[in-house]
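S.K.: My questions will all concern the structure given below.
Computed from the coordinates by the stated procedures, all read-outs in this text should not be read as laboratory data. Model, not experiment: these values are computed from the prediction. Cβ coordinates were reconstructed from backbone atoms using ideal geometry, including for glycine residues, and neighbour counts include every protein chain displayed.
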Amino acid sequence: MDFMGPMQVESIAGKHYVFVLVDDYSRYTWVRFIRDKSDTMASFKIWALQVINEKGSIKRIRSDHGGEFQNEAMKNFCNEQGIAHQFSAPRTPHMNGVVDRKNRTLQEMAREMIHGGNIHLPKK
């Protein structure tokens, strides 16, 4: 799991960040829009409980060492749900490569939709 943002243009609902979660095996991707990185835990909990309800469990998650992922609330929730939380080694983005690549793909898709739709973004 990883982030993109803050985005230059906020969503209609005023959200500036994209929280991306990718299943390593299937490459199934969940994209959640959030206002601020401080909303990560709430968004992650909702996502995790939905996946656990649908699939039965989450065995492991992987993230970088960002403060939004490495904190007591995340640690406690993962422990309660039996989720192993792995962290990529510092300064080794390739260890979180699946989600990093997905982020690039999502950015390219967004650019193409904006360009292809002849959408003019407001200047800051």
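S.K.: With a ≥ b ≥ c taken as the square roots of the eigenvalues of the C-alpha gyration tensor of region 47-112, please select rounded if a/c is under 1.5 and otherwise prolate if a/b is larger than b/c or oblate if it is not? Intermediate results must be reported in sequence, preceding the final value.
M.R.: Working: a/c = 2.32, a/b = 1.38, b/c = 1.68.
Oblate, since a/c reaches 1.5 and b/c is not below a/b.
S.K.: Cut-off 10 angstrom, C-alpha nodes, Gaussian network model of the chain. Which of V20, V51, V31 fluctuates the most?
M.R.: Its mean-square fluctuation being the largest, the pick is V51.
S.K.: Further, regarding this structure: At a Förster radius of 35 Å, what calculated FRET efficiency corresponds to the Cβ-Cβ distance of S57 and I12, to the nearest 0.05?
M.R.: 0.55
S.K.: Fewest to most neighbouring Cβ within 10 Å: what's the order for F87, F69?
M.R.: Final ranking by Cβ density, sparse to dense: F87, F69.
S.K.: Among DSSP beta bridges lying fully in the chain, give the percent that are antiparallel, nearest 5.
M.R.: Just about 70 percent of them are antiparallel.
S.K.: Let me ask something additional. Can you give me the angle between helix 40-55 and the longest principal axis of the chain, using Cα atoms only, in degrees from 0 to 90, rounded to the nearest 10?
M.R.: 70
S.K.: Charges only on Cβ, +1 for Lys and Arg, -1 for Asp and Glu: so what's the dipole of region 2-117 about the Cα centre, in debye to the nearest 20?
M.R.: The dipole magnitude comes to about 200 debye.
S.K.: I want to check a number: in the chain, how many lysine pairs have alpha carbons closer than 30 Å, given a sequence separation of 8 or more or different chains?
M.R.: Counting lysine pairs in the chain gives 26.
S.K.: So for the chain, considering every pair of alpha-carbon atoms, how many percent are separated by more than 22 Å?
M.R.: When every Cα pair of the chain is considered, 38 percent fall beyond 22 Å.
S.K.: Could you tell me how many degrees, from 0 to 90 and to the nearest 10, lie between the Cα long axis of helix 97-116 and the main elongation axis, the longest principal axis, of the Cα atoms of the chain?
M.R.: The two axes meet at around 20 degrees.
S.K.: Under 8 Å for C-alpha pairs, at least 6 residues apart: give me the relative contact order for the chain, rounded to a whole percent.
M.R.: About 21 percent, as a whole number.
S.K.: In addition: Quick check on the exposure proxy: order S11, S88 from fewest to most C-beta atoms within 10 angstrom.
M.R.: On the way: S11 13, S88 18.
Exposure proxy ranking, most exposed first: S11, S88.
S.K.: Please name which of I83, F33, Q70 has its Cα lying farthest along the dipole of the chain towards the positive end, using unit charges on Cβ (Lys, Arg +1; Asp, Glu -1) and the Cα centre as origin.
M.R.: Of the options given, the answer is F33.
S.K.: In degrees from 0 to 90, rounded to the nearest 10, what is the angle of the helix 72-81 Cα long axis to the longest principal axis of the chain?
M.R.: 60
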